Amino acid sequence: MHYFRTKIRTIIMTLIKSISGIRGTVGGKSEDNLSPEDVLLYTASYASWLKEVSESKKLIVVIGRDARISGEMVADLVSASLASMGINVIDLGLSTTPTVEMAVPMENADGGIIITASHNPAQWNALKLLNKQGEFISAAQGERILEIAAASNFSYSEVNDLGIRKIDDSYMNRHIEAILALPNLELEAIRKRKLKVVVDAVNSSGGIFVPALLEAMGVEDIIKIHCEPNGRFAHNPEPLADNLKDLCAEVLSTGADLGIAVDPDVDRLVFVQEDGKLFGEEYTLVAVADYVMGYKSGGAVSNLSSTRALRDVAEKHGRDYTASAVGEVNVVEKMKSSNAAIGGEGNGGIIYPELHYGRDALVGIALFLSHLCKWNGGAEKVSTLRKAYPSYFMSKNKVQLTRSTNVDSILKQMTSKYSHERVNLIDGLKIDFESEWVHLRKSNTEPIIRIYSEAMSQERADELAGEMVNEIVNLV
(Lines give C-alpha, C1' and ligand atoms only; values in the text may rest on other atoms or scores of the structure.)
Protein backbone atom coordinates (compact mmCIF):
# COMPACT_ATOMS: atom_id res chain seq x y z
CA MET A 1 0.00 0.00 0.00
CA HIS A 2 1.35 3.42 -0.93
CA TYR A 3 1.26 5.99 1.89
CA PHE A 4 1.51 9.75 1.70
CA ARG A 5 1.33 12.52 4.27
CA THR A 6 -0.47 15.79 3.69
CA LYS A 7 -0.92 18.71 6.09
CA ILE A 8 -4.63 19.43 6.51
CA ARG A 9 -4.82 22.14 9.14
CA THR A 10 -3.01 21.29 12.35
CA ILE A 11 -5.27 18.56 13.64
CA ILE A 12 -4.22 15.82 11.26
CA MET A 13 -0.76 16.81 10.13
CA THR A 14 0.87 13.65 11.50
CA LEU A 15 -1.82 11.16 10.49
CA ILE A 16 -1.18 8.61 7.75
CA LYS A 17 -3.33 8.97 4.68
CA SER A 18 -3.32 6.23 2.06
CA ILE A 19 -5.04 5.93 -1.30
CA SER A 20 -7.94 4.19 0.44
CA GLY A 21 -8.38 6.08 3.73
CA ILE A 22 -6.91 7.50 6.91
CA ARG A 23 -5.40 5.82 9.96
CA GLY A 24 -3.84 6.68 13.30
CA THR A 25 -3.71 5.83 16.98
CA VAL A 26 -6.61 6.59 19.31
CA GLY A 27 -6.03 8.73 22.39
CA GLY A 28 -3.71 11.59 23.31
CA LYS A 29 -3.43 15.00 21.72
CA SER A 30 -5.53 15.57 18.64
CA GLU A 31 -2.62 16.79 16.54
CA ASP A 32 -0.72 13.55 17.14
CA ASN A 33 -3.42 10.91 16.76
CA LEU A 34 -6.69 9.88 15.15
CA SER A 35 -9.01 12.19 17.05
CA PRO A 36 -12.81 12.47 16.88
CA GLU A 37 -12.30 15.70 14.93
CA ASP A 38 -10.25 13.79 12.35
CA VAL A 39 -12.95 11.16 11.94
CA LEU A 40 -15.65 13.79 11.46
CA LEU A 41 -13.52 15.83 9.06
CA TYR A 42 -12.48 12.95 6.85
CA THR A 43 -15.95 11.38 6.82
CA ALA A 44 -17.52 14.71 5.82
CA SER A 45 -14.89 15.10 3.10
CA TYR A 46 -15.69 11.62 1.78
CA ALA A 47 -19.41 12.46 1.89
CA SER A 48 -18.81 15.67 -0.06
CA TRP A 49 -16.84 13.73 -2.67
CA LEU A 50 -19.68 11.22 -3.00
CA LYS A 51 -22.08 14.06 -3.68
CA GLU A 52 -19.76 15.31 -6.42
CA VAL A 53 -19.59 11.99 -8.25
CA SER A 54 -23.00 10.44 -7.58
CA GLU A 55 -26.21 10.96 -9.48
CA SER A 56 -28.38 9.70 -6.60
CA LYS A 57 -30.68 12.17 -4.93
CA LYS A 58 -30.44 10.42 -1.57
CA LEU A 59 -27.09 8.77 -1.00
CA ILE A 60 -26.51 5.53 0.92
CA VAL A 61 -23.25 4.46 2.57
CA VAL A 62 -22.58 1.05 4.12
CA ILE A 63 -20.35 0.94 7.20
CA GLY A 64 -18.93 -1.93 9.25
CA ARG A 65 -16.18 -2.40 11.80
CA ASP A 66 -13.80 -4.95 13.22
CA ALA A 67 -13.78 -5.69 16.96
CA ARG A 68 -11.32 -3.03 18.08
CA ILE A 69 -12.18 -1.41 21.39
CA SER A 70 -12.46 1.98 19.66
CA GLY A 71 -14.56 0.61 16.81
CA GLU A 72 -18.02 1.35 18.17
CA MET A 73 -17.03 4.91 19.09
CA VAL A 74 -15.59 5.58 15.64
CA ALA A 75 -18.64 4.01 13.98
CA ASP A 76 -20.91 6.37 15.89
CA LEU A 77 -18.85 9.36 14.74
CA VAL A 78 -18.82 8.17 11.13
CA SER A 79 -22.56 7.57 11.15
CA ALA A 80 -23.28 10.97 12.69
CA SER A 81 -21.04 12.76 10.21
CA LEU A 82 -22.70 11.04 7.25
CA ALA A 83 -26.17 11.79 8.63
CA SER A 84 -25.23 15.45 9.03
CA MET A 85 -24.47 15.50 5.30
CA GLY A 86 -27.89 14.02 4.50
CA ILE A 87 -26.60 10.51 3.76
CA ASN A 88 -28.42 7.38 4.89
CA VAL A 89 -26.28 4.78 6.67
CA ILE A 90 -26.58 1.01 6.63
CA ASP A 91 -24.56 -0.16 9.62
CA LEU A 92 -23.46 -3.80 9.55
CA GLY A 93 -21.99 -3.53 13.03
CA LEU A 94 -19.29 -6.10 13.78
CA SER A 95 -18.18 -7.18 10.32
CA THR A 96 -15.23 -7.81 8.01
CA THR A 97 -13.63 -5.81 5.24
CA PRO A 98 -14.79 -8.20 2.48
CA THR A 99 -18.31 -8.33 3.93
CA VAL A 100 -18.68 -4.55 3.69
CA GLU A 101 -17.22 -4.65 0.19
CA MET A 102 -19.90 -7.13 -0.86
CA ALA A 103 -22.70 -5.28 0.92
CA VAL A 104 -22.15 -2.02 -0.98
CA PRO A 105 -23.31 -3.31 -4.40
CA MET A 106 -25.84 -5.69 -2.81
CA GLU A 107 -27.50 -2.65 -1.20
CA ASN A 108 -27.06 -0.55 -4.35
CA ALA A 109 -25.25 1.90 -2.10
CA ASP A 110 -23.11 4.80 -3.23
CA GLY A 111 -20.07 3.87 -1.15
CA GLY A 112 -18.78 2.26 2.00
CA ILE A 113 -16.54 2.90 4.98
CA ILE A 114 -14.76 0.08 6.79
CA ILE A 115 -13.66 0.98 10.31
CA THR A 116 -10.51 -1.06 10.83
CA ALA A 117 -6.76 -0.61 11.06
CA SER A 118 -6.28 -4.05 9.51
CA HIS A 119 -3.18 -5.74 10.97
CA ASN A 120 -2.10 -2.74 13.07
CA PRO A 121 -2.07 -3.08 16.89
CA ALA A 122 -5.14 -2.48 19.04
CA GLN A 123 -4.52 1.24 19.72
CA TRP A 124 -4.86 1.96 15.98
CA ASN A 125 -8.01 2.53 13.98
CA ALA A 126 -8.76 3.71 10.49
CA LEU A 127 -11.31 4.48 7.83
CA LYS A 128 -11.06 2.49 4.60
CA LEU A 129 -13.06 4.14 1.84
CA LEU A 130 -14.96 2.34 -0.90
CA ASN A 131 -16.61 3.39 -4.15
CA LYS A 132 -20.06 2.28 -5.31
CA GLN A 133 -18.62 -0.98 -6.64
CA GLY A 134 -17.48 -1.86 -3.13
CA GLU A 135 -13.84 -1.46 -4.13
CA PHE A 136 -11.17 0.82 -2.67
CA ILE A 137 -11.15 4.33 -4.08
CA SER A 138 -8.33 5.23 -6.47
CA ALA A 139 -5.32 7.40 -5.71
CA ALA A 140 -6.84 10.29 -7.67
CA GLN A 141 -10.09 10.01 -5.77
CA GLY A 142 -8.20 9.91 -2.48
CA GLU A 143 -6.32 13.05 -3.45
CA ARG A 144 -9.63 14.80 -4.21
CA ILE A 145 -10.96 13.89 -0.77
CA LEU A 146 -7.83 15.36 0.80
CA GLU A 147 -8.38 18.58 -1.17
CA ILE A 148 -11.93 18.78 0.15
CA ALA A 149 -10.70 18.21 3.70
CA ALA A 150 -8.10 20.96 3.31
CA ALA A 151 -10.77 23.43 2.24
CA SER A 152 -13.23 22.28 4.96
CA ASN A 153 -16.04 24.16 3.27
CA PHE A 154 -18.89 21.75 3.91
CA SER A 155 -22.57 22.15 3.20
CA TYR A 156 -24.56 20.36 5.89
CA SER A 157 -28.16 19.24 5.46
CA GLU A 158 -31.19 20.98 6.88
CA VAL A 159 -32.90 19.22 9.78
CA ASN A 160 -35.61 17.64 7.63
CA ASP A 161 -33.01 16.24 5.23
CA LEU A 162 -30.68 14.55 7.72
CA GLY A 163 -29.69 10.98 6.97
CA ILE A 164 -30.93 8.02 8.99
CA ARG A 165 -28.99 5.03 10.34
CA LYS A 166 -30.26 1.50 9.79
CA ILE A 167 -28.73 -1.48 11.61
CA ASP A 168 -28.43 -4.64 9.51
CA ASP A 169 -26.78 -7.69 11.08
CA SER A 170 -27.72 -10.12 8.30
CA TYR A 171 -24.59 -9.83 6.23
CA MET A 172 -22.47 -12.51 7.86
CA ASN A 173 -25.00 -15.07 6.70
CA ARG A 174 -25.41 -13.38 3.33
CA HIS A 175 -21.65 -13.38 2.77
CA ILE A 176 -21.40 -17.08 3.68
CA GLU A 177 -24.42 -17.95 1.50
CA ALA A 178 -22.81 -16.18 -1.45
CA ILE A 179 -19.63 -18.20 -0.96
CA LEU A 180 -21.46 -21.52 -0.68
CA ALA A 181 -23.38 -20.72 -3.88
CA LEU A 182 -20.15 -20.53 -5.89
CA PRO A 183 -19.62 -23.34 -8.40
CA ASN A 184 -16.71 -25.76 -8.06
CA LEU A 185 -16.59 -25.87 -4.26
CA GLU A 186 -16.05 -29.42 -3.00
CA LEU A 187 -18.50 -29.21 -0.09
CA GLU A 188 -19.34 -32.91 -0.02
CA ALA A 189 -15.66 -33.85 -0.04
CA ILE A 190 -15.02 -31.41 2.82
CA ARG A 191 -17.84 -32.94 4.87
CA LYS A 192 -16.58 -36.47 4.26
CA ARG A 193 -13.00 -35.56 5.21
CA LYS A 194 -14.16 -34.72 8.77
CA LEU A 195 -11.44 -32.17 9.29
CA LYS A 196 -10.30 -30.97 12.69
CA VAL A 197 -9.49 -27.27 12.38
CA VAL A 198 -8.01 -24.78 14.86
CA VAL A 199 -8.95 -21.11 14.33
CA ASP A 200 -7.05 -18.07 15.67
CA ALA A 201 -8.93 -14.84 14.95
CA VAL A 202 -6.90 -12.57 17.27
CA ASN A 203 -10.07 -11.73 19.26
CA SER A 204 -11.69 -9.84 16.39
CA SER A 205 -14.63 -10.39 14.07
CA GLY A 206 -13.06 -13.42 12.43
CA GLY A 207 -13.79 -15.24 15.67
CA ILE A 208 -17.45 -15.21 14.63
CA PHE A 209 -17.21 -15.29 10.83
CA VAL A 210 -14.61 -18.04 10.30
CA PRO A 211 -16.22 -20.69 12.55
CA ALA A 212 -19.63 -19.87 11.05
CA LEU A 213 -18.26 -20.45 7.55
CA LEU A 214 -16.56 -23.71 8.56
CA GLU A 215 -19.77 -25.01 10.15
CA ALA A 216 -21.75 -24.09 7.05
CA MET A 217 -19.24 -26.05 4.96
CA GLY A 218 -19.68 -29.15 7.08
CA VAL A 219 -16.64 -28.88 9.36
CA GLU A 220 -17.80 -30.06 12.77
CA ASP A 221 -14.58 -30.28 14.81
CA ILE A 222 -13.53 -26.64 15.31
CA ILE A 223 -11.16 -25.57 18.07
CA LYS A 224 -11.26 -21.84 18.71
CA ILE A 225 -8.42 -19.86 20.29
CA HIS A 226 -8.42 -16.06 20.56
CA CYS A 227 -11.89 -15.98 18.99
CA GLU A 228 -13.71 -13.77 21.51
CA PRO A 229 -14.44 -10.58 19.51
CA ASN A 230 -13.58 -8.15 22.31
CA GLY A 231 -10.78 -6.30 20.51
CA ARG A 232 -8.20 -7.22 23.14
CA PHE A 233 -5.71 -8.76 20.78
CA ALA A 234 -4.00 -11.75 22.37
CA HIS A 235 -0.88 -11.21 20.24
CA ASN A 236 0.38 -8.90 17.53
CA PRO A 237 -2.49 -9.04 15.01
CA GLU A 238 -0.37 -9.39 11.88
CA PRO A 239 -0.58 -13.09 10.91
CA LEU A 240 3.16 -13.79 10.77
CA ALA A 241 5.10 -16.76 12.14
CA ASP A 242 6.33 -15.02 15.30
CA ASN A 243 2.75 -14.07 16.21
CA LEU A 244 1.14 -17.46 15.61
CA LYS A 245 3.01 -19.64 18.09
CA ASP A 246 -0.17 -20.35 20.07
CA LEU A 247 -1.92 -21.55 16.94
CA CYS A 248 0.99 -23.76 15.85
CA ALA A 249 1.21 -25.32 19.32
CA GLU A 250 -2.56 -25.94 19.45
CA VAL A 251 -2.56 -27.67 16.07
CA LEU A 252 0.20 -30.00 17.25
CA SER A 253 -1.23 -30.72 20.69
CA THR A 254 -4.74 -31.48 19.42
CA GLY A 255 -3.70 -33.47 16.36
CA ALA A 256 -5.62 -31.09 14.11
CA ASP A 257 -5.51 -31.34 10.33
CA LEU A 258 -4.73 -27.66 9.96
CA GLY A 259 -4.88 -24.25 11.57
CA ILE A 260 -6.38 -21.06 10.20
CA ALA A 261 -5.31 -17.53 11.12
CA VAL A 262 -6.85 -14.28 9.93
CA ASP A 263 -6.11 -10.65 10.70
CA PRO A 264 -8.62 -8.41 12.55
CA ASP A 265 -10.63 -7.43 9.45
CA VAL A 266 -10.42 -10.88 7.82
CA ASP A 267 -8.82 -9.98 4.50
CA ARG A 268 -5.55 -11.85 5.13
CA LEU A 269 -5.35 -15.62 5.46
CA VAL A 270 -2.61 -17.94 6.75
CA PHE A 271 -2.68 -21.72 7.21
CA VAL A 272 -0.78 -23.92 9.64
CA GLN A 273 0.10 -27.47 8.60
CA GLU A 274 -0.65 -30.54 10.68
CA ASP A 275 3.02 -30.61 11.74
CA GLY A 276 2.69 -27.20 13.39
CA LYS A 277 4.62 -25.37 10.66
CA LEU A 278 3.23 -22.52 8.61
CA PHE A 279 2.07 -23.33 5.09
CA GLY A 280 3.48 -19.90 4.23
CA GLU A 281 1.49 -16.70 3.70
CA GLU A 282 2.97 -16.36 0.21
CA TYR A 283 1.67 -19.83 -0.62
CA THR A 284 -1.95 -19.21 0.40
CA LEU A 285 -2.51 -17.53 -2.97
CA VAL A 286 -0.36 -20.09 -4.80
CA ALA A 287 -2.44 -23.06 -3.61
CA VAL A 288 -5.79 -21.34 -4.20
CA ALA A 289 -4.68 -20.21 -7.67
CA ASP A 290 -3.63 -23.76 -8.51
CA TYR A 291 -7.13 -24.94 -7.66
CA VAL A 292 -9.00 -22.14 -9.44
CA MET A 293 -6.98 -22.36 -12.66
CA GLY A 294 -7.79 -26.08 -12.74
CA TYR A 295 -11.39 -25.28 -13.67
CA LYS A 296 -11.61 -21.61 -14.65
CA SER A 297 -10.17 -19.78 -17.65
CA GLY A 298 -7.93 -16.79 -17.15
CA GLY A 299 -4.54 -16.21 -15.61
CA ALA A 300 -3.20 -14.98 -12.29
CA VAL A 301 -2.10 -11.59 -10.94
CA SER A 302 -0.04 -10.62 -7.89
CA ASN A 303 2.10 -7.65 -7.02
CA LEU A 304 5.78 -7.34 -7.85
CA SER A 305 6.86 -8.29 -4.32
CA SER A 306 5.00 -11.62 -4.28
CA THR A 307 6.54 -15.04 -4.77
CA ARG A 308 7.57 -16.36 -8.18
CA ALA A 309 5.77 -19.61 -7.33
CA LEU A 310 2.50 -18.06 -8.56
CA ARG A 311 4.02 -17.54 -11.99
CA ASP A 312 5.21 -21.16 -11.98
CA VAL A 313 1.70 -22.42 -11.15
CA ALA A 314 0.12 -20.24 -13.84
CA GLU A 315 2.58 -21.57 -16.42
CA LYS A 316 1.84 -25.15 -15.32
CA HIS A 317 -1.79 -24.52 -16.28
CA GLY A 318 -0.77 -22.83 -19.53
CA ARG A 319 -1.99 -19.45 -18.27
CA ASP A 320 -0.51 -15.98 -18.19
CA TYR A 321 0.93 -14.47 -15.05
CA THR A 322 0.87 -10.68 -14.69
CA ALA A 323 2.56 -8.55 -12.03
CA SER A 324 1.12 -5.27 -10.76
CA ALA A 325 2.44 -2.45 -8.64
CA VAL A 326 2.17 -3.06 -4.90
CA GLY A 327 -1.26 -2.28 -3.44
CA GLU A 328 -4.66 -3.95 -3.65
CA VAL A 329 -6.07 -1.24 -5.92
CA ASN A 330 -3.28 -1.91 -8.41
CA VAL A 331 -3.77 -5.68 -8.27
CA VAL A 332 -7.50 -5.30 -8.93
CA GLU A 333 -6.90 -2.93 -11.84
CA LYS A 334 -4.48 -5.41 -13.43
CA MET A 335 -6.87 -8.32 -12.81
CA LYS A 336 -9.65 -6.51 -14.63
CA SER A 337 -7.49 -5.51 -17.59
CA SER A 338 -6.14 -9.06 -17.99
CA ASN A 339 -9.43 -10.81 -17.16
CA ALA A 340 -7.63 -12.87 -14.53
CA ALA A 341 -9.26 -15.85 -12.86
CA ILE A 342 -7.54 -15.26 -9.55
CA GLY A 343 -5.26 -12.71 -7.95
CA GLY A 344 -4.07 -11.23 -4.71
CA GLU A 345 -1.02 -10.42 -2.67
CA GLY A 346 1.66 -12.49 -1.01
CA ASN A 347 0.52 -11.45 2.47
CA GLY A 348 -2.28 -14.02 2.36
CA GLY A 349 -4.71 -11.87 0.40
CA ILE A 350 -7.04 -13.77 -1.98
CA ILE A 351 -9.05 -11.88 -4.62
CA TYR A 352 -11.60 -14.09 -6.37
CA PRO A 353 -13.53 -11.98 -8.90
CA GLU A 354 -16.36 -14.50 -9.25
CA LEU A 355 -17.39 -13.33 -5.75
CA HIS A 356 -16.02 -9.76 -5.65
CA TYR A 357 -12.89 -7.71 -6.31
CA GLY A 358 -11.45 -7.54 -2.81
CA ARG A 359 -9.14 -9.56 -0.58
CA ASP A 360 -11.34 -12.08 1.19
CA ALA A 361 -10.07 -14.64 3.70
CA LEU A 362 -13.47 -16.35 3.86
CA VAL A 363 -13.63 -17.27 0.19
CA GLY A 364 -9.95 -18.15 0.44
CA ILE A 365 -10.77 -20.72 3.15
CA ALA A 366 -13.54 -22.25 1.02
CA LEU A 367 -11.28 -22.54 -2.03
CA PHE A 368 -8.29 -23.88 -0.08
CA LEU A 369 -10.30 -26.57 1.71
CA SER A 370 -11.90 -27.57 -1.60
CA HIS A 371 -8.42 -27.93 -3.08
CA LEU A 372 -7.12 -29.92 -0.10
CA CYS A 373 -10.09 -32.30 -0.11
CA LYS A 374 -9.98 -32.81 -3.88
CA TRP A 375 -6.26 -32.87 -4.63
CA ASN A 376 -4.63 -36.24 -5.17
CA GLY A 377 -7.66 -38.16 -3.96
CA GLY A 378 -8.53 -35.80 -1.12
CA ALA A 379 -6.77 -37.57 1.74
CA GLU A 380 -3.35 -35.88 1.69
CA LYS A 381 -1.96 -33.84 4.55
CA VAL A 382 -1.55 -30.08 4.27
CA SER A 383 2.24 -30.45 4.46
CA THR A 384 2.14 -32.83 1.47
CA LEU A 385 0.18 -30.27 -0.53
CA ARG A 386 2.79 -27.64 0.30
CA LYS A 387 5.57 -29.88 -1.01
CA ALA A 388 3.83 -29.97 -4.39
CA TYR A 389 4.88 -26.36 -5.02
CA PRO A 390 8.34 -25.00 -5.74
CA SER A 391 10.06 -23.65 -2.66
CA TYR A 392 11.26 -20.09 -2.72
CA PHE A 393 12.55 -18.07 0.20
CA MET A 394 12.10 -14.36 0.73
CA SER A 395 14.10 -11.68 2.51
CA LYS A 396 12.75 -8.23 3.37
CA ASN A 397 15.14 -5.38 4.21
CA LYS A 398 15.49 -1.63 3.92
CA VAL A 399 18.17 1.00 3.57
CA GLN A 400 17.78 4.12 5.70
CA LEU A 401 18.90 7.25 3.84
CA THR A 402 18.92 10.97 4.64
CA ARG A 403 16.33 13.54 3.60
CA SER A 404 18.84 15.05 1.19
CA THR A 405 19.42 11.76 -0.66
CA ASN A 406 18.13 11.69 -4.23
CA VAL A 407 16.40 8.30 -4.08
CA ASP A 408 15.15 8.51 -7.68
CA SER A 409 18.71 9.02 -8.88
CA ILE A 410 19.88 5.92 -6.99
CA LEU A 411 17.14 3.80 -8.51
CA LYS A 412 17.98 5.17 -11.96
CA GLN A 413 21.62 4.20 -11.52
CA MET A 414 20.65 0.71 -10.33
CA THR A 415 18.37 0.36 -13.36
CA SER A 416 21.20 1.28 -15.68
CA LYS A 417 23.57 -1.19 -14.03
CA TYR A 418 21.13 -4.08 -14.42
CA SER A 419 19.67 -3.10 -17.79
CA HIS A 420 20.94 -6.37 -19.29
CA GLU A 421 18.59 -8.31 -16.97
CA ARG A 422 14.79 -8.41 -17.11
CA VAL A 423 13.69 -5.24 -15.31
CA ASN A 424 10.27 -3.89 -14.42
CA LEU A 425 9.85 -0.20 -13.58
CA ILE A 426 6.12 0.10 -12.83
CA ASP A 427 6.80 0.30 -9.08
CA GLY A 428 10.40 1.13 -8.25
CA LEU A 429 12.82 -1.37 -9.78
CA LYS A 430 12.37 -5.12 -9.99
CA ILE A 431 15.22 -7.21 -11.38
CA ASP A 432 14.36 -10.73 -12.50
CA PHE A 433 17.38 -13.02 -12.62
CA GLU A 434 17.22 -16.61 -13.87
CA SER A 435 16.30 -18.21 -10.55
CA GLU A 436 15.87 -15.25 -8.19
CA TRP A 437 14.69 -11.66 -8.09
CA VAL A 438 15.04 -8.42 -6.16
CA HIS A 439 12.57 -5.53 -5.86
CA LEU A 440 13.65 -2.04 -4.79
CA ARG A 441 10.91 0.40 -3.75
CA LYS A 442 11.21 3.86 -2.30
CA SER A 443 8.99 4.96 0.57
CA ASN A 444 6.64 7.87 -0.06
CA THR A 445 6.81 9.04 3.55
CA GLU A 446 10.44 8.65 4.62
CA PRO A 447 13.94 8.40 3.05
CA ILE A 448 13.99 4.62 2.77
CA ILE A 449 14.53 2.12 -0.01
CA ARG A 450 12.79 -1.15 0.75
CA ILE A 451 14.48 -4.27 -0.60
CA TYR A 452 12.59 -7.50 -1.25
CA SER A 453 14.46 -10.52 -2.57
CA GLU A 454 13.56 -14.12 -3.32
CA ALA A 455 15.79 -17.08 -4.09
CA MET A 456 15.96 -20.87 -3.88
CA SER A 457 17.31 -20.76 -0.30
CA GLN A 458 16.98 -18.39 2.63
CA GLU A 459 20.73 -17.93 2.71
CA ARG A 460 20.81 -16.83 -0.93
CA ALA A 461 17.80 -14.52 -0.50
CA ASP A 462 19.53 -12.82 2.44
CA GLU A 463 22.81 -12.68 0.51
CA LEU A 464 21.14 -11.11 -2.53
CA ALA A 465 19.47 -8.48 -0.36
CA GLY A 466 22.83 -7.76 1.29
CA GLU A 467 24.47 -7.28 -2.08
CA MET A 468 21.84 -4.73 -3.04
CA VAL A 469 22.21 -2.90 0.28
CA ASN A 470 25.96 -2.60 -0.28
CA GLU A 471 25.52 -1.34 -3.84
CA ILE A 472 23.06 1.32 -2.71
CA VAL A 473 25.30 2.43 0.15
CA ASN A 474 28.23 2.73 -2.26
CA LEU A 475 26.15 4.87 -4.60
CA VAL A 476 25.21 7.18 -1.73
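Using the rule -39500 (n - 2.57) for each DSSP H run of four or more residues, divided by the residues of the chain, the 222 nm mean residue ellipticity is -11000 deg cm²/dmol.
Distance cut-off 21 Å, Cα to Cα: go down the list LYS132/LYS442; LYS194/LYS374; LYS57/LYS166 and report the pairs above it. Correct reply: LYS132/LYS442. Which whole-angstrom value gives the distance between the alpha carbon centres of segment 394-465 and segment 15-91? So the separation of the two Cα centres works out to 36 Å.
How high is the relative contact order of the chain? Use alpha-carbon pairs under 8 Å, at least six apart in sequence, and give a whole percent. Relative contact order comes out at 12 percent.
Given +1 at the Cβ of Lys and Arg, -1 at the Cβ of Asp and Glu and no other charges, the dipole of the chain around its Cα centre is 500 debye to the nearest 20. Only protein heavy atoms count here; on that basis, with a 1.4 Å probe, GLU107 has an accessible area of about 40 Å². Here LYS29 is the anchor, and the lysines within straight C-alpha reach of less than 27 Å, apart from those fewer than 8 places off in the same chain, are LYS7, LYS17, LYS128. Taking all protein chains together and rolling a 1.4 Å probe, SER337 ends up with roughly 90 Å² accessible. The charge dipole of segment 242-388, taken about its Cα centre with unit charges on the Cβ of Lys, Arg, Asp and Glu (plus for the first two, minus for the last two), comes to roughly 520 debye. Annotation: per residue accessible area for the chain equals 40 Å², rounded to a whole number [probe 1.4 Å, protein chains only]. A DSSP coil position with no more than 16 other Cβ atoms inside 10 Å describes the following trypsin sites (Lys or Arg not before Pro) in segment 163-243: LYS194, ARG232. What aspartates and glutamates sit close enough to LYS381 to cross-link, taking a C-alpha to C-alpha distance under 19 Å and skipping anything fewer than 8 places away on the same chain? Within the straight-line limit of under 19 Å, LYS381 reaches these aspartates and glutamates: GLU186, GLU188, GLU220, ASP221, GLU250, ASP257, GLU274, ASP275, GLU281, GLU282, ASP290. Of the residues TRP437, TRP375, the one with the largest accessible area comes first in the ranking TRP375, TRP437, computed with a 1.4 Å probe on protein heavy atoms. Dividing the mean sequence gap of close Cα pairs (under 8 Å, 6+ apart) by how many residues segment 183-251 holds gives a relative contact order of 35 percent.
Excluding residues on the same chain fewer than 8 positions from LYS224, give the lysines whose Cα lies under 16 Å from its Cα. Straight-distance partners of LYS224: LYS196, LYS245.
Nonpolar atom fraction for the chain, defined as the carbon and sulfur part of the 1.4 Å probe accessible area, stands at 47 percent.
A dipole drawn for segment 75-167 from +1 and -1 charges on Cβ atoms has a positive end, and of ALA122, GLY112, GLY134 the residue lying farthest that way is ALA122.
The values are calculated or read from the model by the stated rules, or taken from the named source; none is laboratory data. Predicted model only: the values in this text are computed from it and were never measured. Heads up, the Cβs are rebuilt from the backbone with ideal geometry, glycines too, and the neighbour counts pull from every protein chain shown. With ligands, DNA and RNA removed, areas are computed over all heavy atoms of the protein, side chains included. Shrake-Rupley method; radii C 1.70, N 1.55, O 1.52, S 1.80 Å.
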